[in-house]
Each structure stands twice: as C-alpha cells, then as structure tokens.
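Asker: My questions all concern the structure below.
Derivation of every value follows stated rules applied to the coordinates shown; laboratory data play no part. Predicted, not measured: the structure shown is a model, and the values here were computed from it. In this analysis, Cβ positions are derived from the backbone assuming ideal geometry, glycine residues included, and neighbour counts consider all displayed protein chains.
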Amino acid sequence: MNLILLGAPGAGKGTQAELLVKKLQIPAISTGNMLREAIQNGTELGAQAKQYMDGGLLVPDELILGIVKERVAKPDCEKGFILDGVPRTQAQAEALDRMGVRIDHVISLEIDDQVIESRMTGRRVCKNCGASYHIAANPPKTQGVCDECGGELIIRADDTAETVRKRLQVYHASTEVLKTYYQRQGKLVLIQGDQSIEQANRDILSAIGAKA
Ligand code: ADP
Ligand code: ADP
Ligand code: ZN
C-alpha cells in the first residue's frame with residue numbers, strides 16, 4: 001500500500017502518518033523530517049535546504065526528488081510506504097510517476113486556513129524522531145518529552161506566524177493543484193482534517209479499505 005498525505009501546513013499529515021505507520025506497519029517518509037535531520041547533522045543537503053525552509057519556501061525539486069528516490073528504494077519500503085509532505089509540486093508528482101513510483105491512494109487532509117494558526121502555535125516536535133504533538137489537542141504524557149523516544153520537544157524554527165502565512169500561500173499556489181492531478185488519476189480521497197485526530201484516522205482507514 002503506497003500512500004500520499006497531502007494538505008496545508010498543520011493539516012495533520014505528520015500526526016496521521018505516525019498513526020498509519022503503527023496500523024499498517026509500513027514506514028512514513030517525511031521530507032520535512034529528513035531535511036530537518038540533515039540541517040541538524042550539518043550535511044550538504046541541510047545547508048542547501050535551510051534558507052528555503054527558514055523563509056517558508058519550497059526546497060528545489062531536484063533536492064527533494066534525490067532524497068525520495070533513494071529512500072523508496074530501501075528494502076523496508078517493499079511492502080509499502082506513506083509519503084508525508086511530498087510531492088508538493090506538480091513537477092515532483094510527475095517525476096515520481098516517471099520514476100515508476102506506484103501510488104494507490106492520495107489522502108488530502110482538508111482544513112481552513114483560519115484553523116492553521118492555532119495549530120501551529122501549539123505544535124511541539126521531537127528534536128530526535130520528529131514526532132508531532134500539540135500542547136492542548138495532543139499533549140505528550142510528560143511535558144516537553146517525546147512519548148515515542150524520550151527526545152526533547154521543541155518549537156520548529158518555521159512555526160512563526162509570519163512563516164506560517166508564507167507557507168500557506170505556497171501551499172495554495174504550488175501544492176493544491178495536486179488534488180486535481182491525482183483526482184484525474186482516480187486516486188484522490190478527501191478527509192476532513194478539522195475533527196478529532198482519532199476520527200480523522202478512522203476516516204482514512206475506511207477510505208483506503210483498511211480495517212480500523
Ligand atoms: P508542514 O507540512 O508543516 O509545512 P514539512 O515538515 O512538511 O511541514 O515541511 C517543512 C518545510 O520543508 C517546507 O516549508 C519546505 O521548505 C520543506 N519541504 C518539505 N517537503 C518538501 C517538498 N516535498 N518539496 C519542497 N520543499 C519541502
Ligand atoms: P502537518 O504535518 O500537516 O504540518 P501536524 O501533524 O504536525 O501537521 O499537525 C500540526 C499541529 O496540529 C500539531 O501540533 C498536531 O498535534 C495538531 N493536530 C494534528 N491533527 C489535529 C486534529 N485533528 N485536531 C487538533 N489538532 C491536531
Ligand atoms: Zn521522539
């Protein structure tokens with residue numbers, strides 16, 4: 001089962017990806033997490049990506065396609081994978097098709113721009129594994145500590161009000177067209193993102209024909 005999670009920044013892609021990983025026993029591939037890890041590790045990729053991410057802009061397609069191509073070729077992706085936050089442009093989607101990366105379902109988490117801001121100001125992410133929390137809607141068991149790995153929870157550098165606005169603009173200008181792209185391929189599923197995390201997850205599982 002190869003899935004894509006599509007949606008505005010803060011729509012809940014990372015949160016749903018984590019639940020689907022546990023349920024479906026397939027890995028999530030989050031380009032955002034991979035890029036943040038590259039920045040933390042001081043790699044060349046990180047150095048190239050940082051300026052774009054800090055500005056709320058998209059990282060160039062070539063960089064993204066390189067890391068995704070390498071990742072989906074790993075053995076743990078043989079039974080399937082969840083693409084979280086990629087593709088984000090029509091060029092990325094076309095390139096995945098050309099590479100022969102088969103996609104079964106594209107899940108678009110639908111949410112109004114007005115809801116995003118409160119989500120982002122409350123978001124905390126694990127510095128170590130990238131897991132996403134919310135101080136009110138999805139708090140960790142111990143404040144400031146990741147349930148999954150014990151890592152430190154931090155505020156993402158790009159979760160400032162100004163950068164979030166920029167990222168929303170970028171979503172509407174460059175990513176939203178992917179809904180049409182995948183609808184034409186008969187793969188698009190719309191899921192209401194503004195409901196409880198658990199209910200959204202049940203809707204996704206039922207839409208892709210998996211047992212809840
Ligand atoms: P969110 O979904 O909250 O916007 P992500 O972690 O998916 O956050 O992405 C954070 C940033 O990483 C983006 O603003 C962008 O700069 C970069 N990025 C992540 N994935 C992609 C991608 N597929 N194409 C281009 N840039 C990306
Ligand atoms: P994305 O990966 O799409 O940027 P996240 O999964 O990181 O989004 O979610 C953004 C923020 O909203 C996080 O703080 C997360 O805990 C919270 N969140 C996710 N889904 C919901 C939901 N259904 N209701 C309320 N808050 C949510
Ligand atoms: Zn963690």
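Asker: Could you list, in sequence order, all residues of the range 50-74 that are in a helix (DSSP H, G or I) and within 22 Å of LEU3 (Cα to Cα)?
Answerer: ASP61, GLU62, LEU63, ILE64, LEU65, GLY66, ILE67, VAL68, LYS69, GLU70, ARG71, VAL72
Asker: Name every residue in the range 103-137 that is charged (D, E, K, R), farther than 18 Å from CYS149 by Cβ and in contact with a strand residue (DSSP E or B) (Cβ under 9 Å, 6 or more places away or on another chain), in order of residue number.
Answerer: ASP104, GLU110, ARG119
Asker: Select from the range 21-49 the residues that are assigned to a helix (DSSP H, G or I) and touching an Asp or Glu at 6+ places or on another chain (Cβ under 9 Å) and list them in ascending order.
Answerer: THR31, GLY32, ASN33, ALA38, GLY46, listed by residue number.
Asker: In addition: Any chance the range 17-25 includes a residue that's more than 10 Å from ligand 1 (Cβ to nearest atom) and free of Cβ contacts under 8 Å to residues at least 12 places away in the same chain?
Answerer: Checking the range 17-25: at least one residue is more than 10 Å from ligand 1 (Cβ to nearest atom) and free of Cβ contacts under 8 Å to residues at least 12 places away in the same chain.
Asker: I would also like to ask the following. For the range 83-107, give me the residue count where each residue is touching an Asp or Glu at 6+ places or on another chain (Cβ under 6 Å) and within 16 Å of ligand 2 (Cβ to nearest atom).
Answerer: Number of matching residues: 0.
Asker: Based on what the data block shows, is GLN192 more than 24 Å from SER118 (Cβ to Cβ) and either surrounded by fewer than 16 Cβ atoms within 10 Å (Cβ to Cβ) or of a type in the set (Asp, Glu) (or both)?
Answerer: no
Asker: Right, next: Could you run through the range 132-188 and say how many residues are more than 22 Å from THR89 (Cβ to Cβ), away from ligand 1 (no atom under 12 Å from the Cβ) and of a type in the set (Gly, Ala, Ser)?
Answerer: So the count comes out to 6.
Asker: Further question: Quick one: how many residues across the range 128-151 are more than 8 Å from ligand 3 (Cβ to nearest atom), surrounded by fewer than 17 Cβ atoms within 10 Å (Cβ to Cβ), in a loop (DSSP other than H, G, I, E, B) and not charged (D, E, K, R)?
Answerer: Total satisfying the criteria: 6.
Asker: Specify which of the listed residues (THR180, THR163) is out of contact with any His (no Cβ under 6 Å at 6 or more places or on another chain), part of a helix (DSSP H, G or I) and closer than 28 Å to PRO139 by Cβ. Outline the logic, then answer.
Answerer: Working: THR180 fails: closer than 28 Å to PRO139 by Cβ.
Matching residue, one of THR180, THR163: THR163.
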